[in-house]
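Notes follow once the structure below has been shown.
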Amino acid sequence: MKVLVYSAKDFEIPFLERANNGRHQVTYLKEALNLETAFKSIGHKAISIFSGDDASSLVLETLKGLEVKYISLRSTGYNNVQLKTAKKYELKVANVPDYSPHAIAEHAVALLLAINRKIINANNQVQVYNFLQSNLMGFDLKGKTVGIIGTGHIGSVMCKIMHGFGCNVLAYDIKQNADLMDSYKIKYTDLETLCAHSDIISLHVPLNKETYDLINKETLALMKPNTVLINTARGAIVHTDALIEALENNQIAAYGTDVYEREKGVFFKDNSESGIKDDRLKKLLSLPNVLLTPHQAFMTAEAVQNIAQTTFENIDAWAKGEKCTNELQPEESITEWD
């Protein structure tokens, strides 16, 4: 099968090549999928896209007209794909549901530790030979209450890691995990109670109509002034303006994130010479109690290998006319918290 890979990154191409192992005729394109680049899929029966690509209704209509049949996502999240439109045009879409929950959860912990122990500040100081410690005070994680919003594949790993630190873990999810409760003493509660009692809150839900702006002015107002908020899920789960206000007013202590609600056109590219025009992102980056990484949580060798493997397993199934177990349906976007 002829496959066009959009948003192909230099670091992932060797993994994709090994996973394909010559089975399909693959072309790699650095550009993201959008209305302008959709026409480059002419002659390809399948395409592969990343989380920053545009698979909105108009783009999918264009792909259908170009006789594309299959879309294999190299991500777990699929909020960038209009699944109802895909179904209407008989475009089959599959994702990578479980490439490495440890990679994401461990990055969330890295953000938390870096913020808490002032690692970035400390490194900046010693680079100019300043070895003072007066502004580097952190806190012990042991005994703190950690709120985990979403206990799917990634969130459950985060619960276990925080339990290992000796934290008291509260959780909020539409479905409770009995193993977490029995083996790790996780206590499920409502969102309001979690926000009000947690010293640390970590987000591990997908972006859908139920989680859009889940962390907003009202939920932020419930949080304690010492709360550290961590987001390795999706940027739009947090209302950015309300977040900035809460950070500026010391309503919460800090925000560590690997995502941003308006990543399109900014993330996954080098803007060091051209700069950025997004004033809200500039504001976030200027705040001393914000740590932002460029959507890199998935970037471990194990995770990228698993993503590549599953991407071509999905394509293999379609090529053979077999059922693709990772195929997505429109209704899934509002029921699954993974």
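We did not get these values from a lab; they are worked out from the coordinates using the rules stated. Note that this is a predicted model, so its numbers are computed, not measured. Reconstructed Cβ throughout: ideal geometry from the backbone, glycine too, with neighbour counts over all protein chains shown.
Key figures for this structure:
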| item | result |
| --- | --- |
| Neighbour-count order for 214, 292, 73, fewest beta carbons within 10 angstrom listed first | 292, 214, 73 |
| Computed Kirkwood radius, in angstrom, where 1/r is averaged over Cα pairs of region 226-326 | 16.1 |
| Dipole axis of region 101-292 (+1 Lys, Arg; -1 Asp, Glu on Cβ), positive-most option in 128, 212, 151 | 128 |
| Candidates 138, 152, 275, ranked by Gaussian network fluctuation over the chain, Cα under 10 Å, top entry | 275 |
| Net lengthening on full extension, residue 193/residue 124 (0.36 nm per residue, minus Cα-Cα) | 21.1 nm |
| Kyte-Doolittle at least 1.0, axis length at least 15 Å by Cα - qualifying DSSP helices, the chain | 101-116 |
| Given (1) 23.5, 75; (2) 25.5, 81; (3) 20.9, 65, the label whose value is Rg and Dmax of the Cα atoms in Å derived from this model | (3) |
| Furthest towards positive pole of dipole, 260, 301, 249, structure part region 246-305, Cβ charges | 249 |
| Spin-label pair residue 89/residue 245, simplified geometry with 7 Å Cα→Cβ offset, distance in nm | 3.9 |
| Tail fraction, Cα-Cα pairs, region 101-292, threshold 22 Å, whole percent | 47 |
| Neighbour count of at most 15 Cβ within 10 Å plus DSSP loop: longest trypsin sites (Lys or Arg not before Pro)-free window in the chain | 31-116 |
| Dipole in debye (nearest 20) - region 101-292, about Cα centre, beta carbon charges: Lys, Arg +1; Asp, Glu -1 | 280 |
| Fewest-first ranking of 136, 141, using other Cβ atoms within 10 Å as the exposure measure | 136, 141 |
| FRET efficiency, 1/(1 + (r/R0)^6) with R0 56 Å, evaluated for residue 287 and residue 183 via beta carbons | 0.90 |
| Two-decimal log10 I(q)/I(0) for region 168-218, as the Debye equation yields it once each C-alpha is a single scatterer, q = 0.13, 0.18 Å⁻¹ | -0.34, -0.64 |
| Linear extension gain, residue 270 paired with residue 139, 0.36 nm per residue minus alpha-carbon span | 43.7 nm |
| Nearest-20 debye value, the chain charge dipole, Cβ charges on Lys, Arg, Asp, Glu | 320 |
| Scattering curve values for region 95-202, log₁₀ I(q)/I(0), Debye with Cα scatterers, q = 0.19 Å⁻¹ | -0.93 |
| CD proxy at 222 nm, helix term only [per DSSP H run n ≥ 4: -39500 (n - 2.57); per residue of the chain; nearest 500] | -10000 deg cm²/dmol |
| Local net charge near residue 90, Cβ-Cβ under 14 Å (Lys/Arg +1, Asp/Glu -1) | +4 |
| Radius 14 Å from Cβ of residue 180, net charge of other residues (Lys, Arg +1; Asp, Glu -1) | +1 |
